[in-house]
Amino acid sequence: MARAAVLGRLTWQVATLTATRDETATAKTLVLDVPGWPGHLAGQHVDVRLTAPDGYTAERSYSIASPPDGDRLELTVQRIADGEVSPYLTETLEAGDQLELRGPIGGWFVWDPDSAAPVLLVAGGSGVVPLMSMIRARARAGSGNKVPFRLIYSVRTPADALYADELTKRARDDSLGLSYVYTRMAPPGGPAPGRISATVIASAGWPARSPEPPAVFVCGPTGFVEAAARLLIDAGHAPARIKTERFGPTGT
Amino acid sequence: MRTVDALDGNAIGGLLREVFRAEMTAAPGTCVACGTTAPVAEAVVYLRAPGTVVRCRTCGSLLMVFVRKEGMTCVDLRGLAALDAPPA
């Protein structure tokens, strides 16, 4: 199954927008119908291509937020104010409209649902999107079969957190470990705003030296990923167990 | 002006599929300059250089350059001593 999802010729396919969901004031989930979608692995992305009437094209990569689910695919797009593609996807595109995409892409930053290792997910901002696909894929496993998952999620303010309600629910019903780091404004009564730190990694992560060393996935802006990866290595996690994915302004 | 952060090899999974007809982000590549072997996903990638530029995360040397021109993709792999198939 894993191979089927990553091999084969990569061709542009037409997807139809069937619905949208507001995730925050500036992020929207696009629910797409992609006839003949070959399936995907949690963590993979797609390339989206827009073509202007004059033939000019713009391509961007977006992580898949949904678990494998037939022809249905969900992408969560963070709107970048001066972006070229994201404002169109989040503000102009309407249900019934079509766009071109190709994928699934990537075989490195993926979670294998057959792996027994506990998983630590570390997200900065919209870097949570591919990690959400992993969380959702795990939620589908039988209740006796769920490997332990923990998420450390760094956001500027509570209002910037994607999937906040669903994450709370999965923490309650699905034994997902969930810790937030607020960098600009924290909810009243909690710790003051701050950056991800050795203390956070120690208290909200997994011990690096355990019988089954955890698999670690870090995704976010480049600076966040570098900082988090350094902290994880300092905490004793083997670099080979840490998989990273960086995105930046080019992902607009 | 906004500075453009470097990304990583995950960002060129689609481009690599076009060129190699295979999933290559998990493929181990070896840097000519420093000898480090690491998955392509971990390389430093600049998408908005003239062309797409891929550098070694250990020593910064150029590994690969991809330039699209008139429907063709020109590929320069001189910075790679080896590029293996990704692990099955």
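Structure values in brief
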{"read-out": "Where A:K243 falls short, out of the listed (1) within 14 Å of chain B (Cβ to nearest Cβ); (2) among the basic types (K, R); (3) farther than 22 Å from A:A137 by Cβ", "value": "(3)"}
{"read-out": "The one condition in (1) on the phi < 0 side of the Ramachandran plot; (2) among the hydroxyl-bearing types (S, T, Y); (3) open to solvent by less than 30 Å² (accessible area, probe 1.4 Å); (4) more than 14 Å from chain B (Cβ to nearest Cβ) that A:T199 fails to fulfil", "value": "(3)"}
{"read-out": "Test: A:V46 is open to solvent by 10 Å² or more (accessible area, probe 1.4 Å) and touching a residue at least 12 places away in the same chain (Cβ under 8 Å)", "value": "no"}
{"read-out": "Matching entry among A:R79, A:R102 (being surrounded by 13 or more Cβ atoms within 10 Å (Cβ to Cβ), at pLDDT 95 or above and basic (K, R))", "value": "A:R102"}
{"read-out": "Flag if A:V110 is within 14 Å of chain B (Cβ to nearest Cβ), open to solvent by less than 40 Å² (accessible area, probe 1.4 Å), in a helix (DSSP H, G or I) and within 30 Å of B:L15 (Cβ to Cβ)", "value": "no"}
{"read-out": "Filter pass, A:R150 being charged (D, E, K, R) and more than 18 Å from A:D69 (Cβ to Cβ)", "value": "yes"}
{"read-out": "Subset of segment B:1-25 (residues that are more than 18 Å from A:Y62 (Cβ to Cβ) and small (G, A, S))", "value": "B:A6, B:A22"}
{"read-out": "Qualifying residue in segment B:26-41 (condition: open to solvent by less than 40 Å² (accessible area, probe 1.4 Å), of a type outside the set (G, A, S), under 27 Å from A:T57 (Cβ atoms) and part of a helix (DSSP H, G or I))", "value": "yes"}
{"read-out": "Breaking point among (1) without any contact (Cβ under 8 Å) to a residue 40 or more places away in the chain; (2) under 20 Å from B:R78 (Cβ atoms); (3) open to solvent by 10 Å² or more (accessible area, probe 1.4 Å); (4) within 9 Å of chain A (Cβ to nearest Cβ), for B:R21", "value": "(2)"}
{"read-out": "Residue among B:L63, B:L16 that is touching a residue at least 24 places away in the same chain (Cβ under 8 Å), surrounded by 13 or more Cβ atoms within 10 Å (Cβ to Cβ) and part of a strand (DSSP E or B)", "value": "B:L63"}
{"read-out": "Residue satisfying all of: in segment B:42-60; within 10 Å of chain A (Cβ to nearest Cβ) and closer than 17 Å to B:D76 by Cα; surrounded by the fewest Cβ atoms within 10 Å (Cβ to Cβ) among these", "value": "B:R48"}
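Residue-by-condition table, conditions (1) closer than 22 Å to A:D112 by Cα; (2) within 14 Å of chain B (Cβ to nearest Cβ):
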| position | (1), (2) |
| --- | --- |
| A:L30 | no, no |
| A:P38 | yes, yes |
| A:H45 | yes, yes |
| A:L50 | no, no |
| A:S61 | yes, yes |
| A:A65 | yes, no |
| A:R72 | yes, no |
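The values are calculated or read from the model by the stated rules, or taken from the named source; none is laboratory data. Only a predicted model underlies this, so the values are computations on that prediction, with no experimental measurement involved. No Cβ is skipped: glycine too gets one built from the backbone with ideal geometry, and neighbour counts run over all protein chains shown. Each accessible area value is taken on the protein alone, full model and side chains, heavy atoms only, with ligands, DNA and RNA left out. Shrake-Rupley method; radii C 1.70, N 1.55, O 1.52, S 1.80 Å.
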